[in-house]
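S.K.: I am attaching a structure below and will ask some questions about it afterwards.
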Amino acid sequence: MFKRIGKVVLLIIFVGLLIGIGFYLGPGFYNKWVVYPQKEKARKDLWARYKKPISMIPIPEYIGVMHAHSYWSHDSRGSLNEILTGAKKAGLNFIFFSDHAHSKLDTFPRSFHGVFDGILFEAGTESSGEGGGIMVNPFKSGVLDWEKPRDSLIHEVVGQGGLVTYVHCEQDHDWGNPDYQAMEIYNIHTDLLDEASILPFLLNHLVIGNSYKDWGYRELYDKQETILANWDGLNQHRKIVGIGAVDAHNNLNIRARFLENGQVEWVGPNAKTISIREPGFLEKLLLNEPDENGWAFKWELDTYFHSFNFVNNHVFSEGFTSEEIKESIKKGRSFIAFEGLAKAKGFEFFALNQAQELTGILGDSIPAQHVSMLSVLSPFPAKYRLIRDGKVFKETEEASYEFVFSTDNQRGNYRIEADLWLNESWVNWIFTNPIYLY
């Protein structure tokens with residue numbers, strides 16, 4: 001009798017485990033075998049329709065990311081090779097870093113700074129505090145004193161030709177500060193914060209592994225409506241440039257490496273050491289020969305490539321130096337694109353006069369009487385929303401390569417949102433900076 005009861009208990013436990021595994025891991029298996037293959041096919045079908053339009057903007061276009069972290073930050077161990085490998089694979093031209101300072105006196109340049117295999121790296125600092133978090137790229141040698149009042153420090157950096165960006169714009173900031181030039185209208189970490197729980201994201205990645213990691217990233221995406229509304233409101237008073245931020249750390253992972261003394265260091269989330277120990281059964285089971293970056297075991301969620309390939313900034317710049325890219329960003333001659341959905345190279349937003357001559361591009365301020373139409377060119381069919389002073393002014397659901405709007409000399413700030421038809425739904429793809437008609 002007791003044996004029969006024991007068997008029943010074991011059976012109940014076994015069935016319970018199966019139900020629990022199915023409940024928690026079932027969505028991941030469904031994504032891996034059904035949902036993500038469908039999305040992958042839809043994306044490949046879309047990519048096959050790529051058609052680069054004839055360019056109307058006579059300025060070179062560069063693609064890069066803002067707000068990246070390296071080994072210099074306390075919560076990352078990103079090496080040059082890891083970052084460079086991800087950047088090359090993502091097709092980047094530049095990276096603006098925002099590493100955390102080591103002390104109140106912040107020396108520049110430091111960490112990675114310069115051109116590496118054709119990719120421009122610019123040093124920068126991310127700092128939180130009263131007045132909100134900021135990303136500072138000084139663009140000159142020197143020392144920043146973080147003991148100074150925030151307003152004074154921002155004024156100093158901008159006065160010396162630097163770039164100051166408000167980061168994590170879900171937080172409170174001193175929005176009335178007259179000196180900062182840009183704000184994040186999208187940040188991957190900000191997007192993660194509005195999830196009810198990170199557990200589904202973790203379990204999903206546990207199941208899908210590396211096969212559909214980019215689609216796993218996309219599960220986090222939500223349009224940042226409140227931040228966009230704030231940005232539109234701020235632009236009614238002065239130009240505030242919108243950027244997309246990857247906030248890349250490559251630190252949501254578990255990794256292991258051999259030390260020089262033969263011991264093994266296990267590294268967990270936020271690049272913290274979990275343990276340093278002599279190799280044992282676990283190490284013999286899981287560790288392989290170290291890769292080119294020295295890691296003998298890796299389970300990674302946020303690789304540099306997948307962060308870099310998620311959201312990019314396309315910048316129209318006359319030249320390819322840090323200062324020239326920065327100046328173009330300050331002018332608003334840029335748009336953000338969710339590159340993992342489709343490459344945005346060739347997308348343009350510009351103004352024409354009655355003679356069909358170019359009178360300005362995104363970021364420019366133009367007399368309204370000099371503009372007869374605003375036009376968009378796209379390498380893919382898309383749905384466009386023309387946003388005027390924060391409100392949808394015109395919208396087309398026709399999948400066309402060109403969108404034209406006659407302004408009739410109407411003053412206002414005009415920006416474009418473009419969506420792609422992918423896997424039977426419209427998905428956000430591009431957000432431009434405004435063209436300002438006065």
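The values are calculated or read from the model by the stated rules, or taken from the named source; none is laboratory data. Just so you know, these numbers come straight off a predicted model, no measurement behind them. Virtual Cβ from ideal backbone geometry, glycine too; neighbours counted across all protein chains shown. Keep in mind that these areas ignore ligands, DNA and RNA; they rest on the heavy atoms of the full protein, side chains included. Shrake-Rupley method; radii C 1.70, N 1.55, O 1.52, S 1.80 Å.
S.K.: Please list, ordered by residue number, the strands (runs of 3 or more DSSP E) wholly in segment 348-438 having 1 or more residues that are out of contact with any Gly (no Cβ under 7 Å at 6 or more places or on another chain), open to solvent by less than 60 Å² (accessible area, probe 1.4 Å) and of a type in the set (D, E, K, R).
M.R.: Values: elements: 348-352, 358-361, 373-388, 391-406, 412-422, 425-432, 435-437.
Hits in segment 348-438: 348-352, 373-388, 412-422.
S.K.: Just the residues that are of a type in the set (A, V, I, L, M), assigned to a helix (DSSP H, G or I) and in contact (Cβ under 8 Å) with a residue 60 or more places away in the chain, please, taken from segment 214-261.
M.R.: Quick first cut of segment 214-261, residues of a type in the set (A, V, I, L, M) only: 220, 227-229, 234, 240-241, 243, 245-246, 248, 252, 254, 256, 259.
Then drop every residue that is not assigned to a helix (DSSP H, G or I), which leaves 227-229, 234.
Those that are of a type in the set (A, V, I, L, M), assigned to a helix (DSSP H, G or I) and in contact (Cβ under 8 Å) with a residue 60 or more places away in the chain: L228, A229.
S.K.: Does S73 count as farther than 15 Å from F305 by Cβ, assigned to a loop (DSSP other than H, G, I, E, B), modelled with pLDDT under 95 and polar (S, T, N, Q)?
M.R.: Answer is no for this residue.
S.K.: I've got another one for you. Mind checking whether some residue in segment 329-336 is at pLDDT 95 or above and surrounded by fewer than 21 Cβ atoms within 10 Å (Cβ to Cβ)?
M.R.: Checked against the condition, which is being at pLDDT 95 or above and surrounded by fewer than 21 Cβ atoms within 10 Å (Cβ to Cβ), segment 329-336 yields at least one hit.
S.K.: Can I ask one more? Between a first residue in segment 174-197 that is closer than 28 Å to V157 by Cα and in a helix (DSSP H, G or I) and a second residue that is at pLDDT 95 or above and open to solvent by less than 60 Å² (accessible area, probe 1.4 Å), which pairs have beta carbons less than 6 Å apart while being 6 or more apart in sequence or on different chains?
M.R.: Close Cβ pairs satisfying both conditions: I188/V246; I188/D247; H189/D247; T190/H168.
S.K.: Now a separate question. State whether one or more residues within segment 144-151 are open to solvent by 70 Å² or more (accessible area, probe 1.4 Å), in contact (Cβ under 8 Å) with a residue 12 or more places away in the chain, under 20 Å from S70 (Cβ atoms) and among the aliphatic types (A, V, I, L, M).
M.R.: So far as segment 144-151 goes, no, none of its residues is open to solvent by 70 Å² or more (accessible area, probe 1.4 Å), in contact (Cβ under 8 Å) with a residue 12 or more places away in the chain, under 20 Å from S70 (Cβ atoms) and among the aliphatic types (A, V, I, L, M).
S.K.: Give the residue, chosen from G26, G91, that is modelled with pLDDT under 95 and either out of contact with any strand residue (DSSP E or B) (no Cβ under 9 Å at 6 or more places or on another chain) or surrounded by fewer than 16 Cβ atoms within 10 Å (Cβ to Cβ) (or both). Please lay out each step first, then the result.
M.R.: Values: G91 fails: modelled with pLDDT under 95.
Result: G26 is the single residue among G26, G91 that is modelled with pLDDT under 95 and either out of contact with any strand residue (DSSP E or B) (no Cβ under 9 Å at 6 or more places or on another chain) or surrounded by fewer than 16 Cβ atoms within 10 Å (Cβ to Cβ) (or both).
S.K.: If you don't mind, there's one more thing I want to ask. Checking E348 against (1) among the acidic types (D, E); (2) closer than 22 Å to Y62 by Cβ; (3) at pLDDT below 95, which test does it fail?
M.R.: (3)
S.K.: Residues F112, F121, F139, F116: which one is open to solvent by less than 20 Å² (accessible area, probe 1.4 Å) and touching a residue at least 12 places away in the same chain (Cβ under 8 Å)?
M.R.: Answer to the check: F121.
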